[in-house]
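K.L.:
Mind having a look at this structure? Questions to follow.
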Amino acid sequence: MKLLESVGRIVAISRKEIRQLRRDRLTFGMVVAIPIVQLVLFGYAINEDVRHLRAAAVDYANTQNSRLLLADAHASQVIDLVRKASSAEELEEWLRRGEIRVGIVIPADYERRLEDRKRHGRSARPLAQILVDASDPATYGSVAGLLNLPPPERPGIQPPRWRYGSAISGVSNPPPTFEARPFYNPERRSAVHIVPGLVGVILTMTMVLFTSVAIVRERERGSLELLITTPMKPVELMVGKILPYVLIGLIQVGLVLGVGALIFRVPLRATPQDTIVAALVFITASLTLGLLISTIAKTQFQAFQLTFFSFLPQMLLSGFMFPFDAMPRPAQWIAELMPLTHFLRVIRGILLRGARVVEMRHEIWPLAVFALVMLTLAAGRFRKRLD
Amino acid sequence: MSESAEQVIRSQGLTRRFGSLVAVDHVDLEVPKASVYGFLGPNGSGKTTTIRMLCGLLEPSEGKAQVLGLEVPKEAEGLRRRVGYMTQRFSLFEDLSVFENLDFLGEIHSLKASHRRSRIDTLLERYRLADRRKQRAGTLSGGQKQRLALAAAVLHEPELLFLDEPTSAVDPENRRDFWESIFQLADEGTTVLCSTHYMEEAERCHLLAILDHGKLVANGTPQQLMDDVDATVVEIQTEDPRRVREQLAGMTGLLSLAQLGNRLRLLLHREVENPVWQVEEELDIDAGATVQVVRPNLEDVFVVVTRDEVS
Ligand SMILES: Nc1ncnc2c1ncn2[C@@H]1O[C@H](COP(=O)(O)OP(=O)(O)O)[C@@H](O)[C@H]1O
Ligand SMILES: [Mg+2]
């Protein structure tokens with residue numbers, strides 16, 4: 001009975017919220033306009049140079065020379081070799097889950113290939129393979145610089161003159177050391193990278209703003225004083241206010257992805273269920289952040305300022321504007337606390353690399369924890385009081 | 001229990017501070033059942049703050065209050081279905097229609113759909129809003145908004161109704177109608193606590209408390225208050241009020257002097273003997289003024305009880 005009344009009140013609040021939203025032309029317009037304007041603005045973004053990409057390697061040869069090659073690749077600072085894989089399959093798996101951006105495969109016949117290269121020059125096969133998560137074109141651009149890394153050899157064995165390249169040995173234009181295998185976005189179009197990210201950015205902007213303003217508006221217009229003298233409970237008010245925006249958030253996701261697929265030919269590799277699950281978790285996280293703001297701000301203007309204050313660092317540090325791997329360590333730590341950072345990894349993983357949501361669970365649970373913390377803080381702060 | 005059934009509201013030393021400002025200062029109240037209890041005081045005297053504390057919306061800094069037998073703010077949740085509150089500011093949703101506003105609140109109060117509809121219809125009839133049913137609340141006139149707010153406050157048939165300056169945005173005719181509605185509610189058994197800064201409204205109340213600077217400076221029936229006023233009221237009819245004022249300026253025992261057109265209203269200390277003669281003494285013989293003692297009205301009560309604070 002109590003529960004039924006509770007549900008009745010939540011539905012009443014949601015319905016009222018939707019009615020008001022429908023009559024507020026400007027806000028209603030923003031629901032549609034924000035995603036489309038942003039999509040057009042960011043659709044053609046600029047590539048950046050990236051360093052310290054997380055990388056792993058599988059070394060089938062495991063000779064001194066192959067180890068030297070890996071050490072040199074690491075020393076280039078373009079990649080950070082953080083793990084060793086036992087097979088190429090494992091490497092690809094890590095790549096898909098977003099745990100690494102770059103994988104190096106050194107074949108078992110590495111020494112043979114090294115010899116061939118000295119003898120046949122141009123026509124020889126590449127020495128090893130680099131797997132790149134090219135869904136971020138910037139990543140691919142940086143890795144391209146590694147392809148011609150001169151293969152080092154153990155000083156004792158190596159003829160000294162060879163060090164200075166093929167010109168001395170008479171072989172012109174040796175083949176690239178690495179053969180690149182771009183994954184997920186072979187044409188390396190930036191829209192492919194930007195559009196899924198934009199889903200996160202737009203949700204961050206609109207979800208936080210709408211909820212943060214939703215309760216403050218009641219306070220400012222005086223209706224909160226009326227509402228808190230009714231039997232309505234704080235959590236009912238919060239849930240009732242949030243629900244319509246969950247729906248709006250999903251509509252926006254559909255809008256961005258639909259337009260992205262139509263105009264920018266972004267491939268959508270995820271199942272709709274996975275997309276919805278990922279979006280729901282993130283929408284909830286953003287809405288609860290908005291709720292917390294609404295319990296802090298006294299006026300709509302303050303709510304707007306606080307929303308912007310929370311939005312800007314997410315925009316800058318999440319990996320949307322600047323590649324995550326290129327940021328200094330402390331910035332990365334801060335970014336790990338932000339919902340957008342995790343959502344970007346999830347949505348890129350499932351949309352571009354075709355990963356399943358369950359495979360991305362290591363990025364989902366931080367979002368869930370974030371939402372829980374925010375909701376607890378917000379409900380703790382909201383009192384049925386005016387002081 | 002029998003006591004709290006008699007007294008719907010009781011408070012002891014109810015106090016609220018905002019920083020160093022004492023908005024409500026040790027207020028003791030007793031509001032009997034089915035009475036229309038007036039809260040008279042100028043702006044900033046603490047009427048709204050007191051009502052908010054009684055509703056459980058603000059925490060008292062000191063003191064206690066029991067409303068309908070429940071301690072506020074601790075047990076305020078138990079009041080929600082039994083109390084109606086019409087806020088000083090119009091607090092319904094301007095972008096919803098008259099009906100939608102009432103329907104929403106009915107749902108929040110968990111009124112059954114059929115009962116809700118019939119109750120809303122009754123109230124729209126009673127408060128002459130039936131033809132405004134579909135109109136957005138924001139586009140209503142002052143009087144219509146006020147009647148809608150009253151309908152919203154009584155929708156769930158509360159035992160106790162708080163009205164915070166309900167008539168401040170309303171013309172005199174609407175104000176009279178409104179008071180008719182309030183007495184109708186009291187006749188039906190609802191206790192009404194209504195704040196106002198209009199004397200003629202205060203005079204209608206069964207009981208009255210006068211607030212000034214957060215202090216309860218007087219209470220009782222309006223008649224009692226007027227009978228017990230601690231001053232003599234003298235009225236002077238004159239052609240030249242300015243000159244008469246000047247002549248009276250230094251008079252001993254003069255508490256206050258107010259001009260109303262060609263009349264001057266004087267409040268004199270009770271101790272002043274033979275007041276008419278005393279006043280005439282002060283005036284020039286050629287002033288052409290008629291002096292007489294009159295019955296005190298509520299305004300006089302107010303001036304007398306708030307005088308200490310002003311000076
Ligand atoms: N939330 C608040 N914060 C600070 N001061 C307040 C607050 N609410 C009321 N006050 C102050 O308390 C005093 C009493 O206000 P109020 O109860 O609204 O008076 P009234 O309703 O009689 O006009 C005023 O001086 C007002 O400025
Ligand atoms: Mg007030």
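The values are calculated or read from the model by the stated rules, or taken from the named source; none is laboratory data. The model shown is predicted, which means the values in this text are computed figures rather than measured ones. Here Cβ is always computed from backbone atoms with ideal geometry, including for glycine, and neighbour counts include all displayed protein chains.
K.L.:
Among the residues of region B:188-213, which ones are in a strand (DSSP E or B) and away from ligand 1 (no atom under 16 Å from the Cβ)?
P.N.:
Passing the criteria: B:THR191, B:VAL192, B:LEU207.
K.L.:
Moving on. Looking at this structure, is B:GLU59 away from ligand 1 (no atom under 11 Å from the Cβ) and either out of contact with any Asp or Glu (no Cβ under 9 Å at 6 or more places or on another chain) or not assigned by TED's automatic domain parsing to the domain that holds B:ALA186 (or both)? Don't jump to the end; show me each part of the working.
P.N.:
Values: away from ligand 1 (no atom under 11 Å from the Cβ): yes; either out of contact with any Asp or Glu (no Cβ under 9 Å at 6 or more places or on another chain) or not assigned by TED's automatic domain parsing to the domain that holds B:ALA186 (or both): no.
No: the conditions fail for B:GLU59.
K.L.:
Please identify the pairs in which a residue from region A:26-42 that is aliphatic (A, V, I, L, M) has its Cβ atom under 9 Å from the Cβ atom of a residue that is outside any helix (DSSP H, G or I), counting only partners at least 6 apart or on another chain.
P.N.:
Qualifying pairs under 9 Å: A:LEU39/A:PHE264.
K.L.:
Take B:SER110 and decide whether it is among the small types (Gly, Ala, Ser) and without any contact (Cβ under 8 Å) to a residue 12 or more places away in the chain.
P.N.:
Considered against the rule, which asks whether it is among the small types (Gly, Ala, Ser) and without any contact (Cβ under 8 Å) to a residue 12 or more places away in the chain, B:SER110 comes out as yes.
K.L.:
When you go through A:THR230, A:THR288, A:THR204, A:THR211 one by one, which is the residue that is touching a His at 6+ places or on another chain (Cβ under 8 Å) and outside the structural domain of A:THR139 (by TED's automatic domain parsing)?
P.N.:
A:THR230
K.L.:
Follow-up question, since we're still on this one. For A:MET315, state whether it is under 16 Å from the mean Cα position of the chain (by Cα), in the same structural domain as A:PRO366 (by TED's automatic domain parsing) and without any contact (Cβ under 8 Å) to a residue 24 or more places away in the chain.
P.N.:
So A:MET315 does not fit the description; no.
K.L.:
Give just the number: which of (1) surrounded by 20 or more Cβ atoms within 10 Å (Cβ to Cβ); (2) away from ligand 1 (no atom under 16 Å from the Cβ); (3) more than 14 Å from every other protein chain (Cβ to nearest Cβ) does B:ARG10 not satisfy?
P.N.:
(1)
K.L.:
For the structure I just gave you, tell me whether B:SER118 is more than 10 Å from chain A (Cβ to nearest Cβ), out of contact with any helix residue (DSSP H, G or I) (no Cβ under 9 Å at 6 or more places or on another chain) and crowded, with 20+ Cβ neighbours inside 10 Å.
P.N.:
no
K.L.:
Can you tell which of A:ILE228, A:ILE242, A:ILE283 is under 20 Å from A:THR376 (Cα atoms), within 14 Å of chain B (Cβ to nearest Cβ) and not polar (S, T, N, Q)?
P.N.:
Unique residue meeting the criteria: A:ILE228.
K.L.:
Would region B:244-262 turn up any residue that is within 30 Å of B:ARG10 (Cβ to Cβ), more than 14 Å from chain A (Cβ to nearest Cβ), more than 16 Å from ligand 2 (Cβ to nearest atom) and under 27 Å from the mean Cα position of the chain (by Cα)? Even if it seems obvious, please write down each step before you answer.
P.N.:
If we filter region B:244-262 for residues that are within 30 Å of B:ARG10 (Cβ to Cβ), which is where we start, we get none.
Checked against the condition, which is being within 30 Å of B:ARG10 (Cβ to Cβ), more than 14 Å from chain A (Cβ to nearest Cβ), more than 16 Å from ligand 2 (Cβ to nearest atom) and under 27 Å from the mean Cα position of the chain (by Cα), region B:244-262 yields no hits at all.
K.L.:
Does at least one position in region A:215-222 carry a residue that is more than 28 Å from A:PHE324 (Cα to Cα) and among the hydrophobic types (A, V, I, L, M, F, W, C)? Please lay out each step first, then the result.
P.N.:
Taking region A:215-222 as the starting set, the residues that turn out to be more than 28 Å from A:PHE324 (Cα to Cα) are A:215-222.
Going one step further and asking which of them are among the hydrophobic types (A, V, I, L, M, F, W, C), we end up with A:215-216.
Yes - at least one qualifying residue is present in region A:215-222.
K.L.:
Only residues that are polar (S, T, N, Q), over 29 Å from A:ARG112 (Cβ atoms) and assigned to a helix (DSSP H, G or I): list them for region A:122-154, please.
P.N.:
A:THR139, A:SER142
K.L.:
Applying the selection to region A:10-23, what residues are farther than 10 Å from B:PHE104 by Cβ and in contact (Cβ under 8 Å) with a residue 24 or more places away in the chain?
P.N.:
Within region A:10-23, A:ILE10, A:VAL11, A:SER14, A:GLU17, A:ILE18, A:LEU21 qualify.
K.L.:
Taking region B:36-62 on its own, how many of its residues are more than 16 Å from ligand 2 (Cβ to nearest atom) and over 13 Å from the mean Cα position of the chain (by Cα)?
P.N.:
Total satisfying the criteria: 5.
Residue-wise test of (1) free of Cβ contacts under 8 Å to residues at least 12 places away in the same chain; (2) more than 16 Å from ligand 2 (Cβ to nearest atom); (3) not aromatic (Phe, Trp, Tyr); (4) not assigned by TED's automatic domain parsing to the domain that holds B:LEU57.
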position	(1), (2), (3), (4)
B:GLN144	no, yes, yes, no
B:LEU161	no, yes, yes, no
B:PRO166	no, no, yes, no
B:ALA169	no, no, yes, no
B:GLN184	yes, yes, yes, no
B:ARG204	no, yes, yes, no
B:THR238	no, yes, yes, yes
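K.L.:
Can you find even one residue in region B:27-35 that is touching a Leu at 6+ places or on another chain (Cβ under 6 Å), at pLDDT 95 or above, within 16 Å of ligand 2 (Cβ to nearest atom) and in a strand (DSSP E or B)?
P.N.:
Yes, region B:27-35 contains a residue that is touching a Leu at 6+ places or on another chain (Cβ under 6 Å), at pLDDT 95 or above, within 16 Å of ligand 2 (Cβ to nearest atom) and in a strand (DSSP E or B).
K.L.:
Would you check which residues across region B:135-153 are within 13 Å of chain A (Cβ to nearest Cβ) and among the basic types (Lys, Arg) and list them?
P.N.:
Matches in region B:135-153: B:ARG136, B:LYS145.
K.L.:
Would you point out which residue out of A:LEU292, A:LEU386, A:LEU375 is within 30 Å of B:ARG80 (Cβ to Cβ) and within 14 Å of chain B (Cβ to nearest Cβ)?
P.N.:
Sole residue among the options that is within 30 Å of B:ARG80 (Cβ to Cβ) and within 14 Å of chain B (Cβ to nearest Cβ): A:LEU386.
K.L.:
Within region B:60-97, take every residue that is basic (Lys, Arg) and at the interface with chain A (Cβ under 7 Å from one of its Cβ atoms) and give me the one that is nearest to B:LEU150 (Cα to Cα).
P.N.:
Among them, the one singled out is B:ARG89.
K.L.:
Would you check if there is a residue in region B:27-50 being within 12 Å of ligand 1 (Cβ to nearest atom) and within 11 Å of chain A (Cβ to nearest Cβ)?
P.N.:
Looking through region B:27-50, at least one residue is within 12 Å of ligand 1 (Cβ to nearest atom) and within 11 Å of chain A (Cβ to nearest Cβ).
K.L.:
Which of the numbered conditions does B:ARG52 fail, given that it passes all the others? Conditions: (1) crowded, with 23+ Cβ neighbours inside 10 Å; (2) in contact with a strand residue (DSSP E or B) (Cβ under 6 Å, 6 or more places away or on another chain).
P.N.:
(2)
K.L.:
Please return the ranges of helices (runs of 4 or more DSSP H) entirely within region A:196-306 where 1 or more residues are aromatic (Phe, Trp, Tyr).
P.N.:
The helices (runs of 4 or more DSSP H) meeting that bar are A:234-263, A:272-296.
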